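The values are calculated or read from the model by the stated rules, or taken from the named source; none is laboratory data. Note that the structure is a prediction, hence the values are computed from the model and not measured. Every residue, glycine as well, gets a Cβ built from its backbone with ideal geometry; the counts of neighbours run over all protein chains shown. Each accessible area value is taken on the protein alone, full model and side chains, heavy atoms only, with ligands, DNA and RNA left out. Shrake-Rupley method; radii C 1.70, N 1.55, O 1.52, S 1.80 Å.
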Amino acid sequence: QVQLVESGGGSVQAGGSLTLSCAVSGSTFMSMGWFRQAPGKAREFGAIIGWNDDSAYYTDSVKGRFTIFRDNAKYTVYLQMHSLKPEDTAVYYCAASPARAGIRERDYDYWGQGTQVTVSS
């Protein structure tokens, strides 16, 4: 049974930092992504990393502030977030694909339950 379990969300002030974790079990995947959904908005792509290489890609709004990386030994993917802004407030989801994936939700077959990030001004 595939499980993606996010953790690390919380409340921070603008300018602060958080690191989200996504523990993966039950299968192996080629691509891992982080998405987010702000209140009243559609879920949007944030970042992606290949499981077997270091290639990473970010949406423009987080580029330079967020870093996606993985720990192969722990089979965990992380999203390190710095210089957080109120507009980063959202539920953050990790997602997994057994194939090379992109920025679309339909590229991913498995999703975590989400973790809330709240950034206050």
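For the reader, a short list of remarks on this structure follows.
- Residue within region 13-30 that is in contact with a Cys (Cβ under 7 Å, 6 or more places away or on another chain), within 14 Å of Ser97 (Cβ to Cβ) and either without any contact (Cβ under 8 Å) to a residue 12 or more places away in the chain or not polar (S, T, N, Q) (or both) present: yes
- Matching residues in region 17-44 - criterion: being open to solvent by 20 Å² or more (accessible area, probe 1.4 Å) and either among the aromatic types (Phe, Trp, Tyr) or part of a loop (DSSP other than H, G, I, E, B) (or both): Ser17, Gly26, Ser27, Thr28, Met30, Ala38, Pro39, Gly40, Lys41, Ala42, Arg43
- The requirement of being open to solvent by 20 Å² or more (accessible area, probe 1.4 Å), of a type in the set (A, V, I, L, M) and closer than 17 Å to Ala56 by Cα is fulfilled nowhere in region 83-94; no residue meets it.
- Any hit, region 95-105, residues being within 13 Å of the chain's Cα centre (by Cα), part of a loop (DSSP other than H, G, I, E, B) and closer than 15 Å to Leu4 by Cα: no
- Residues within region 59-82 that are surrounded by 19 or more Cβ atoms within 10 Å (Cβ to Cβ) and in a loop (DSSP other than H, G, I, E, B), tallied: 1
- Pairs linking a residue in region 44-66 that is at negative phi to a residue that is open to solvent by less than 30 Å² (accessible area, probe 1.4 Å) and acidic (Asp, Glu), with Cβ atoms under 8 Å and 6 or more positions apart or on different chains, are Val62/Asp88.
- Some residue of region 99-115 being of a type in the set (Phe, Trp, Tyr) and open to solvent by 40 Å² or more (accessible area, probe 1.4 Å): yes
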